[in-house]
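The values are calculated or read from the model by the stated rules, or taken from the named source; none is laboratory data. Predicted model only: the values in this text are computed from it and were never measured. Cβ atoms come from the backbone with ideal geometry, glycine included; neighbour counts cover every protein chain shown. For the accessible areas, the whole protein counts, side chains as well, though only heavy atoms, and no ligand, DNA or RNA atoms are used. Shrake-Rupley method; radii C 1.70, N 1.55, O 1.52, S 1.80 Å.
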Amino acid sequence: MKKNERSLREDLSFIFRGMKEFDSILPGQMQMVIFNSFLVALTPYVPVYMSSRMINELAGEQSIKLLTSYILLAITTTLLLTALSSYLKKRIDVGYHQLFTSQEILLNEKGHRLPYVNIEDPEIRGLRDQVSDNSGATGAGMASLYWDMEIMVRNLCSALIGIVLCADIFFMASDREFTGIYGVVNSPYAIFILVGLIAVSVWISAKMTGKLFDVAFEVYSNGARYHRYGNFYTLDYLSDEKAAKDIRIFSQRKLIVEEALNRCYIPFSDGDKREKSASNKYDGIKLLLSALMGGTVYLLIGLKAMSGTVNIGDVVMAYSSVTMMILAFSECSMIFTDLRNNNEHLKRYFQYMTLPEQKDEGELSVGQELVDNPEIRFENVSFHYPESEKDAVHNVSFSIRSGRRIAIVGMNGSGKTTLVKLLCGLYKPTKGQIMLGNHPISDYSYAEYIKLFSVVFQDFRLLAFSLGQNVAASEEYDADRVDKSLRASGFASKLDRLSKGLEQTIYHDYDEDGVELSGGEEQLVAMARAVYKGAAIFVLDEPTAALDPITEHEIYTRLDKVVGDKSTIFISHRLSTCRFCDEIIVMDKGEIVQQGNHDDLVTKPGKYKELWLAQARHYADKMDIS
């Protein structure tokens with residue numbers, strides 16, 4: 001897989017864009033990294049420079065006072081630089097660990113701003129997972145930019161300091177004339193040789209880094225996803241008490257472990273070995289290159305010293321400075337190549353972060369009259385998912401009038417839940433329009449429009465917080481109202497057994513004293529949440545699927561009293577719940593095929609009667625068996 005097809009200018013633009021984004025995630029952190037890099041680069045040059053001054057003094061006048069001042073200055077400066085750098089390094093390390101959490105929060109906030117249909121899009125979900133997985137598993141993306149910039153700035157500073165210290169030595173003019181080898185090392189040719197050594201080192205380092213990235217990119221492009229998949233099954237699923245029954249009864253452990261090994265850990269490990277092997281190979285080349293460069297530099301400076309153009313102390317400083325300078329330029333080349341390669345990961349990050357967001361197009365306020373008497377009309381509404389050309393809902397028209405009980409029924413995949421998501425504004429119609437009063441719902445502020453609905457979806461989620469917070473969806477809540485909502489939903493018997501009452505934490509995720517709820521109990525809490533909100537329209541998307549028919553009937557009877565004269569929409573696979581509804585909408589293959597009440601529909605040929613008789617036979621067979 002090719003690394004990229006971008007120009008140098010485009011890559012630089014990506015890098016600076018990444019740095020700007022980084023600063024918005026952790027303000028001031030990158031500046032701290034850059035300043036610390038300068039301190040780290042400067043620190044080793046202090047003893048090098050001061051040692052050269054001391055050696056020259058020892059070879060000259062040997063002033064004790066001057067030697068003592070050099071020693072004290074070297075020790076004091078080194079200690080101060082090291083202490084300051086150590087302090088900054090600790091803060092930088094803290095920032096590095098904050099980066100992952102801060103980035104995840106930013107990504108989650110972005111996801112919240114996306115159109116709901118995009119969140120369900122497999123490609124967008126995959127892009128989101130790639131950003132998180134590669135960052136978490138390999139440190140790619142923002143994390144790599146974090147450390148690469150630290151190394152890049154440190155080496156650039158090191159190279160510049162080395163140039164400054166060596167400038168006098170290599171550009172020093174001499175009144176003497178030299179011939180032979182001494183003439184070469186004391187002429188501009190020495191500078192050309194030095195520049196050539198640096199250029200060769202930089203070129204080889206860049207090539208090695210590029211080839212190493214090819215191996216690493218191949219390993220980690222899918223490796224992070226495999227690693228996450230394997231960790232879920234071996235660390236989460238195998239240790240989950242809810243999965244323990246299936247694991248034991250069906251002997252799943254061996255299957256899960258083998259699949260995780262064959263599909264995840266072994267391929268990831270093999271790829272990791274290839275990367276380590278390539279890295280060791282290139283480390284060997286770097287070691288050989290370093291030895292050749294060091295020998296050549298020593299020869300150049302040694303010959304200059306033998307010719308008498310530099311002092312013995314300058315030899316020490318020049319050799320150390322040139323060696324560090326060559327290493328710094330090589331490192332810069334490698335890190336810059338790594339930064340360009342890392343743009344592949346930054347590209348995914350920015351691709352996700354620049355996805356079009358949900359626009360609150362409407363400005364109309366939902367007046368109190370519409371809150372008290374909401375009337376919603378579907379007018380020839382069709383909808384298809386972005387990846388499909390076939391309508392999930394096709395040419396649907398019906399009305400929801402204030403105070404009415406409406407049931408939406410149909411086989412699985414008939415479009416019932418899609419219809420509810422359209423009603424709630426989570427999806428936008430591809431054709432037709434949904435009206436609230438005299439205006440399309442898109443004309444209203446979405447924040448106000450969604451207040452009209454209390455919804456219990458089939459795939460709801462509860463939080464590992466207190467029971468009261470779950471029902472109120474808020475840290476602060478009206479305890480009496482929460483209590484009444486829970487009892488109205490049928491949770492009373494469980495509530496009375498909880499020692500902490502509404503303060504009882506759900507689940508053990510963050511509280512050892514948390515309680516586990518059954519599937520049916522979770523549904524009751526979710527229904528209580530809808531009751532607590534007290535919106536104008538209740539929408540129940542098969543919320544009692546995990547309950548038996550008798551309990552379901554009791555709950556619906558209670559809810560009917562709680563809801564009172566408010567509009568209610570029921571979606572249920574049990575047609576018995578439809579008998580008390582004012583209107584039944586029967587859907588099949590995304591279309592409304594029948595409308596009416598139970599007494600009318602059950603006597604007419606059609607889908608409703610077909611479903612009713614099928615369920616009646618099912619319960620009759622169960623009664624015969626019992």
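Quick look at the numbers
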| item | result |
| --- | --- |
| Flag if D240 is open to solvent by less than 80 Å² (accessible area, probe 1.4 Å), in a loop (DSSP other than H, G, I, E, B) and modelled with pLDDT under 75 | yes |
| Search result, residues across the range 426-442 that are under 17 Å from S399 (Cβ atoms) and either of a type in the set (A, V, I, L, M) or in a loop (DSSP other than H, G, I, E, B) (or both) | P429, I434, M435, L436, G437, N438, I441 |
| Residues (assigned to a strand (DSSP E or B) and on the phi < 0 side of the Ramachandran plot) located in the range 588-607 | D588, E591, I592, V593, Q594, Q595 |
| Subset of the range 33-51 that is in a helix (DSSP H, G or I), under 19 Å from R154 (Cβ atoms) and open to solvent by 30 Å² or more (accessible area, probe 1.4 Å) - its residue that is modelled with the lowest pLDDT | Y49 |
| Single match in R9, R17 (criterion: basic (K, R) and in contact (Cβ under 8 Å) with a residue 60 or more places away in the chain) | R17 |
| Boolean, V531 is open to solvent by 10 Å² or more (accessible area, probe 1.4 Å) and closer than 21 Å to D478 by Cα | yes |
| Residues (of a type in the set (S, T, Y), crowded, with 18+ Cβ neighbours inside 10 Å and farther than 21 Å from F378 by Cβ) located in the range 439-476 | S466 |
| Qualifying position, being under 20 Å from P115 (Cβ atoms), in contact with a Pro (Cβ under 7 Å, 6 or more places away or on another chain), open to solvent by less than 70 Å² (accessible area, probe 1.4 Å) and of a type outside the set (A, V, I, L, M), among S402, S382 | S382 |
| Any hit, the range 128-136, residues being hydrophobic (A, V, I, L, M, F, W, C), modelled with pLDDT of 85 or more and buried (at least 17 other Cβ atoms within 10 Å of the Cβ) | yes |
| Among (1) out of contact with any helix residue (DSSP H, G or I) (no Cβ under 7 Å at 6 or more places or on another chain); (2) closer than 19 Å to V164 by Cβ, the one test that L114 misses | (2) |
| Residue that is most open to solvent (accessible area, probe 1.4 Å) [pool: residues in the range 5-32 that are of a type in the set (D, E, K, R) and part of a helix (DSSP H, G or I)] | R9 |
| Selected residue (criterion: least open to solvent (accessible area, probe 1.4 Å)) from residues of the range 556-584 that are closer than 14 Å to L611 by Cα and among the small types (G, A, S) | S572 |
| Residues of the range 95-104 satisfying the condition of being more than 17 Å from R348 (Cβ to Cβ) and surrounded by 12 or more Cβ atoms within 10 Å (Cβ to Cβ) | G95, Y96, Q98, S102 |
| Selection within the range 344-379 - farther than 30 Å from K566 by Cβ, assigned to a loop (DSSP other than H, G, I, E, B) and open to solvent by less than 80 Å² (accessible area, probe 1.4 Å) | L355, E357 |
| Top-ranked residue in the range 70-81 [being surrounded by 15 or more Cβ atoms within 10 Å (Cβ to Cβ) and either out of contact with any helix residue (DSSP H, G or I) (no Cβ under 6 Å at 6 or more places or on another chain) or not aromatic (F, W, Y) (or both); ranked as nearest to M142 (Cα to Cα)] | L81 |
| Looking only at the range 27-67, and only at residues there that are free of Cβ contacts under 8 Å to residues at least 40 places away in the same chain and within 56 Å of the chain's Cα centre (by Cα), the one that is farthest from S86 (Cα to Cα) | M50 |
| Helices (runs of 4 or more DSSP H) (entirely within the range 477-587) containing at least 1 residues that are of a type outside the set (G, A, S), more than 29 Å from A616 (Cβ to Cβ) and without any contact (Cβ under 8 Å) to a residue 24 or more places away in the chain | 479-489, 492-497 |
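Residues are listed down the side, and each one gets a yes or a no for (1) modelled with pLDDT of 90 or more; (2) over 30 Å from H394 (Cβ atoms); (3) of a type in the set (S, T, N, Q):
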| site | (1), (2), (3) |
| --- | --- |
| Y444 | yes, no, no |
| G468 | yes, yes, no |
| A472 | yes, yes, no |
| V482 | yes, yes, no |
| G490 | no, yes, no |
| L495 | yes, yes, no |
| L498 | yes, yes, no |
